Amino acid sequence: MVKPKIKYLNNSTFLECFKTNEFYQVKIIENALEPLEIRDAEFNECEFSSVNFRNVLLDKVDLIDCIFENCDLSNKVFDFGSLTRVVFKNCKLLGVSIINTSINDLE
């Protein structure tokens with residue numbers, strides 16, 4: 001298992017979505033009252049701590065060198081994306097879908 005390579009480990013880290021050229025901040029996602037849609041995006045070198053993804057739609061998302069700790073990812077769909085060097089620590093993953101997803105070094 002190759003561990004994620006993360007340079008910035010704090011909740012103020014900006015998450016750059018390279019394919020959409022948009023920026024999201026962990027606090028915005030954590031406190032999203034309205035549904036938030038993130039499509040065709042790549043999250044690289046990000047840490048998510050105690051984030052509830054209930055109101056966040058993730059569609060065709062690539063996660064590279066990411067850590068999720070104490071997060072609720074119930075019923076999230078990671079279909080047709082990739083998970084590379086991703087760690088899930090004490091996360092709720094009930095009903096997660098990973099159909100046709102490339103998985104490498106997942107913990």
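The values are calculated or read from the model by the stated rules, or taken from the named source; none is laboratory data. Model, not experiment: these values are computed from the prediction. FYI the Cβ positions are ideal-geometry reconstructions off the backbone, even for glycines, and counts take in every protein chain you see. Heads up: the accessible areas ignore ligands, DNA and RNA and are worked out on the full protein's heavy atoms, side chains in. Shrake-Rupley method; radii C 1.70, N 1.55, O 1.52, S 1.80 Å.
Under 7 Å between Cβ atoms, at least 6 apart or on separate chains: pull out the pairs that start in segment 94-107 with a residue that is open to solvent by 60 Å² or more (accessible area, probe 1.4 Å) and end on any residue that is in a loop (DSSP other than H, G, I, E, B) and at pLDDT 90 or above.
Qualifying pairs under 7 Å: LEU94/SER74.
Here's the yes/no breakdown for (1) at pLDDT 90 or above; (2) touching a helix residue (DSSP H, G or I) at 6+ places or on another chain (Cβ under 8 Å); (3) of a type in the set (Lys, Arg):
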| site | (1), (2), (3) |
| --- | --- |
| SER50 | no, yes, no |
| LYS60 | no, no, yes |
| ILE64 | no, no, no |
| ASP79 | no, no, no |
| ARG85 | yes, no, yes |
| VAL96 | yes, no, no |
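Provide a single number: the residues in segment 76-93 that are in contact with a Ser or Thr (Cβ under 8 Å, 6 or more places away or on another chain) and either open to solvent by 60 Å² or more (accessible area, probe 1.4 Å) or not small (Gly, Ala, Ser) (or both).
9
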